[in-house]
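All remarks here apply to the structure that follows.
The numbers here are math on the coordinates, done by the rules we state, and not lab data. Just so it is clear, the structure is predicted and the values come from calculations on it, not from any experiment. Heads up, the Cβs are rebuilt from the backbone with ideal geometry, glycines too, and the neighbour counts pull from every protein chain shown.
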Amino acid sequence: MRYIEPHAHMVSRTTSDYEAMRLAGCEAVCEPAFWAGFDRSSADGFYDYFCQLTDYEPKRAAKFGLPHFCWLCINPKESEDMVLAREVLALIPGFLERPNVLGIGEIGLNKNTRNELAILEEHIDLAARFNQLILVHTPHLEDKLKGTKLILDLLQADSRIQPGRVIIDHVEEHTVSLVLDAGFWAGITLYPESKATPARAVDMVERAGMQNIWLNCACDWGRSEPLAVPQTALEMRRRGHSAKAVDDLIYGNPLRFLSQSPRFRIE
Ligand SMILES: [Zn+2]
């Protein structure tokens, strides 16, 4: 089995996780910028985090033969502080030329507030001006449907944005078609306590089709499973999906989306 892990917060994980992922067939890992589990007190905290994502973490992953890529932004939760958010936005162009940077993400909404929406719009503008791919985080549970609609509206209102260069992550049964029908890519997140289990994820792809969808584990500092993608592949094989169908979903699809960035190159 081979796969690409398109969404994992490896700064929160141990080196044994890198080793286990590599042994399970992981060929590349991609790390969106996100909330650290606490609010950072200044833009300097983000400067250091962006250095970690673009310098230290790729070196750590390389020890296990894993190419490491990342996405940059200020996450929606900390975007509530608009002064801080704008200071962080101003730092990002200085990092976009680093060799492992794929685009702007994971941007989006958390509580669907006015401030979050304003900063989301500024991230979309930044991505358009620098011709970057976009990775979007959608809110949890009861805020998800409304948040997803607000995000799609904002993206569609900007004529510079091509939906095929945007992935809307953490889709669920009630948002997946909305995203795919509008021409965007959809990400299904496998997470033990919220989001999808492997069985639910396979149900979803069986219904929605396997065209522009990727699976990811989004492992972070909380209860999460770095091997959730290969575990879901086993569930697909158990249900009778062919090895080729599984390979297309967990390797071919992320490869196709991510290769739109000239920086995403794997052997
Ligand atoms: Zn994430």
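Where in the chain lies the longest segment free of chymotrypsin sites (Phe, Trp or Tyr not before Pro) that are both loop residues by DSSP (not H, G, I, E, B) and have at most 15 other Cβ atoms within 10 Å? Please list the in-between numbers first.
Details: sites that count: Phe38, Phe130, Trp221.
It works out to 39-129.
Here the relative contact order of region 60-200, from alpha carbon pairs under 8 Å that lie six or more residues apart, stands at 18 percent. For the pair Glu193 and Arg239, label points projected 7 Å from Cα toward Cβ lie 2.6 nm apart. With θ taken as phi - 60° and the Karplus curve 6.51 cos²θ - 1.76 cosθ + 1.60 applied, the whole-hertz 3J(HN,Hα) list for region 131-147 is 6, 9, 5, 10, 10, 10, 8, 9, x, 8, 6, 5, 8, 5, 5, 4, x Hz, x standing for glycine and proline. Across the chain, Cα pairs under 8 Å and at least six residues apart give a relative contact order of 20 percent. Computed from the Cβ-Cβ distance with R0 of 22 Å, the FRET efficiency linking Glu173 to Asp247 stands at 0.35.
For a label point 7 Å from the Cα of Lys149 along Cα→C-beta, name the residues of region 155-182 whose backbone N is under 17 Å from it. The answer is 155-157, 172-182.
On a 24 Å Cα-Cα criterion, which of the cross-link pairs Lys111/Lys195; Lys77/Lys146; Lys63/Lys244 come out too long? Cα-Cα > 24 Å for Lys63/Lys244; rest within. Rounded to the nearest Hz, the phi-derived 3J(HN,Hα) couplings of region 196-212 under the Karplus curve 6.51 cos²θ - 1.76 cosθ + 1.60 (θ = phi - 60°) are 9, 7, x, 5, 5, 5, 5, 3, 5, 6, 5, 7, 7, x, 10, 4, 7, where x marks glycine and proline. Going by the alpha-carbon gyration tensor, a ≥ b ≥ c the square roots of its eigenvalues, is region 3-258 rounded (a/c under 1.5) or, if a/c is not under 1.5, prolate (a/b greater than b/c) versus oblate? Note, shape of region 3-258 comes out oblate.
Are there trypsin sites (Lys or Arg not before Pro) in region 187-267 that DSSP puts in a loop and that have at most 11 other Cβ atoms within 10 Å, and which ones?
Working: sites: Lys195, Arg200, Arg207, Arg223, Arg237, Arg238, Arg239, Lys244, Arg256, Arg263, Arg265; in loops: Lys195, Arg223, Arg239, Arg263, Arg265.
Here the sparse-neighbourhood loop sites are Arg223, Arg239.
In this simple spin-label model, placing a label point 7 Å from the Cα along the Cα-to-Cβ direction at both Glu97 and Arg207 gives a separation of 4.8 nm.
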